[in-house]
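First comes the structure, then the notes that go with it.
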């Protein structure tokens, strides 16, 4: 039988890497709950493996989702306005021929067979409403979490940005971001990596739980979502379908939080990428930008995608066609901030008053953000001067949208968890303040 690329790599290197796995699979001392064979009620096929996670689904609506391996009722208790409501989520069963063996004691690999996605639609949300939930999973402790519905257009809130969450170092960035208690999380793509012997969707979603149980999380599509075994469809699209406002697409979508309009673009798909004239995505983006510019309740519009249009790293020179297309639209519609990942480091550019933030420091090994600096400068003299700062380290961005309209972005290097489980103060390496619009 022909081995898939990942299974070949795993079989080739597992013997040597297994010696390192207890420390590397490190997803921290509390990384993976050990199986409980002594408990007769415990059945790993019935407990929640992915989630629960919440995604925004348009004005006044959100979706709570989680995945198990068996097709049976699981009760969710929603607490809103001091009252409890017991609901049984709708279920969708998919038989997946998707397998990712990974290293690490107690690691959660991806296995073939039935996968059951449970979903509860939570609607009629009031601005800033706090919703608490409890998933009463069979044979294990209930899972509790909460989220804050999108706040009013003039209220303050915090967004957390994280991208390129490769294990085994992703938990450092995840815990660093969680410590800042964002109201909403935006993942910039490359959720898992097929080539990593520690990465699986089950394991990464498990590591994300500290973020997923405190805020809605939206996921931009990255190039590593287009890997083997039809991963784009059976994992990314299946789990995150219908994220954002109605009228978008799973790969590109929009949502509003606190009067800020986020336009999340697919920089990876072909055909249909932004540079294809008349593509559905480009038509969608233009309509969204026009609508946001004409909406008095929108105080800021932010564009986010995975593959950066400005970088001096090994990914330079990038897509100049996409760069021109995005930059022209930013200038036309007053977009001041663009977010991207892909580069396993941090870079910040300012071009004609548009600020380009590139941060793919979610866990993958950091590399030199200056690798192509000389080559880019030779091709396009003066371009390197557009970069304000850079940092070769894993980390995350925290964006605060203040009541007066000021936007403050801070980049923090990921803090390494101590042996006792505590987290040191993360290092602040860059700050950008955009004053309120006049």
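Inside the range 56-71, can you point out the residues that are under 13 Å from residue 145 (Cα atoms) and in contact with a helix residue (DSSP H, G or I) (Cβ under 9 Å, 6 or more places away or on another chain)?
Answer for the range 56-71, where residues must be under 13 Å from residue 145 (Cα atoms) and in contact with a helix residue (DSSP H, G or I) (Cβ under 9 Å, 6 or more places away or on another chain): just 65.
When residue 426 is tested against (1) within 22 Å of residue 215 (Cβ to Cβ); (2) modelled with pLDDT of 95 or more, only condition (2) is not met. Of 248, 188, 244, all but one fail to be closer than 19 Å to residue 303 by Cα and crowded, with 24+ Cβ neighbours inside 10 Å; the exception is 188. For the range 402-419, the tally of residues that are surrounded by fewer than 19 Cβ atoms within 10 Å (Cβ to Cβ), touching a strand residue (DSSP E or B) at 6+ places or on another chain (Cβ under 6 Å) and under 19 Å from residue 164 (Cα atoms) stands at 1.
Taken over the range 71-90, the criterion of being within 27 Å of the chain's Cα centre (by Cα) and either surrounded by 16 or more Cβ atoms within 10 Å (Cβ to Cβ) or free of Cβ contacts under 8 Å to residues at least 12 places away in the same chain (or both) is satisfied by 74, 76, 78, 80, 89. Checking 196, 146, 173 one by one, the residue that is within 21 Å of the chain's Cα centre (by Cα) and assigned to a loop (DSSP other than H, G, I, E, B) is 196 and no other. The condition of being within 30 Å of residue 295 (Cβ to Cβ) and in contact (Cβ under 8 Å) with a residue 24 or more places away in the chain holds for only one of 144, 129, that being 129.
Name the residue that is surrounded by the most Cβ atoms within 10 Å (Cβ to Cβ), counting only residues in the range 280-304 that are assigned to a loop (DSSP other than H, G, I, E, B) and out of contact with any strand residue (DSSP E or B) (no Cβ under 6 Å at 6 or more places or on another chain). Steps first, please.
So in the range 280-304, the residues assigned to a loop (DSSP other than H, G, I, E, B) come out as 294-299.
Filter once more, keeping what is out of contact with any strand residue (DSSP E or B) (no Cβ under 6 Å at 6 or more places or on another chain): 294-297, 299.
On the way: 294: 9, 295: 14, 296: 7, 297: 11, 299: 17.
Out of the qualifying residues, it is 299.
Quickly run through the range 365-387 and pick out the residues that are closer than 30 Å to residue 175 by Cα and surrounded by 14 or more Cβ atoms within 10 Å (Cβ to Cβ). Before the answer, list the steps.
First pass over the range 365-387, keeping only residues closer than 30 Å to residue 175 by Cα: 365-371, 387.
Residues satisfying the conditions are 366, 367, 368, 369, 370, 371, 387.
Scanning the range 254-279 for residues that are without any contact (Cβ under 8 Å) to a residue 40 or more places away in the chain and part of a loop (DSSP other than H, G, I, E, B) yields a total of 7. From the list 182, 197, 216, the one residue that fits, being in contact with a helix residue (DSSP H, G or I) (Cβ under 6 Å, 6 or more places away or on another chain), buried (at least 18 other Cβ atoms within 10 Å of the Cβ) and in contact (Cβ under 8 Å) with a residue 12 or more places away in the chain, is 197. Tell me, yes or no, whether the range 155-166 has at least one residue that is assigned by TED's automatic domain parsing to the domain that holds residue 394 and either surrounded by fewer than 16 Cβ atoms within 10 Å (Cβ to Cβ) or without any contact (Cβ under 8 Å) to a residue 60 or more places away in the chain (or both). Yes, because at least one residue in the range 155-166 is assigned by TED's automatic domain parsing to the domain that holds residue 394 and either surrounded by fewer than 16 Cβ atoms within 10 Å (Cβ to Cβ) or without any contact (Cβ under 8 Å) to a residue 60 or more places away in the chain (or both). Do the conditions hold for residue 91, that is, is it touching a strand residue (DSSP E or B) at 6+ places or on another chain (Cβ under 8 Å) and within 21 Å of residue 217 (Cα to Cα)? Here the answer is yes, as residue 91 does meet what is asked.
Out of 313, 297, one residue alone is more than 23 Å from residue 335 (Cα to Cα), more than 21 Å from the chain's Cα centre (by Cα) and modelled with pLDDT of 95 or more. It is 313.
The values are calculated or read from the model by the stated rules, or taken from the named source; none is laboratory data. If you're wondering where the values come from, they're calculated on a predicted model, not measured in any experiment. Reconstructed Cβ throughout: ideal geometry from the backbone, glycine too, with neighbour counts over all protein chains shown.
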